[in-house]
C-alpha cells in the first residue's frame, strides 16, 4: 500500500498479515505430509515401482526394483527401462 504523507513523499507500508498466509501454510504442510506418506508406501511395497523420463531413462525407483532386476541402485539409475524389459513387452509398448 502506498501513501503520500503530508510532506508529499511516497512511503510504503506493509500490508497487515491475513488468513491467506496461514491457510497457505496449512495447505503446504498437508501436501508435505501426503507426499511423505506416498513416498513411504512406495518405498515399502514389494512390487517394483519406477519412474522414467520421456526417453525411458530411470529417474526414480524403489528398493524392490533392485531386488527384482538384480541391478544395484547405481546401475539402474544409469540405465534405460528398455534395457530390462522383455522383448514381448517392448513390442507391446512400441505399438501403443
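A short reminder: the numbers here are calculations on the coordinates, not readings from a lab. Since this is a predicted model, take the numbers as computed values, not measurements. For neighbour counting, all protein chains shown are included, and Cβ atoms are generated from backbone atoms with ideal geometry for every residue, glycine included.
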Completion exercise
For residue 63 and residue 92, extending 7 Å from Cα along the Cα-Cβ vector and measuring point to point gives, in nm, a value of 2.9 nm
Problem - Protection proxy ranking, peptides 48-57, 23-32, average beta carbon neighbours within 10 Å, highest first - result: 48-57, 23-32
Practice task
Go ahead and run the numbers for FRET between residue 37 and residue 77, Cβ-Cβ distance against an R0 of 25 Å, rounding to 0.05.
Solution key: 0.55
Exercise for the section: Between residue 30 and residue 55, take the C-beta separation as r, use R0 = 41 Å, and let me know the FRET efficiency to the nearest 0.05. Expected result: 0.75
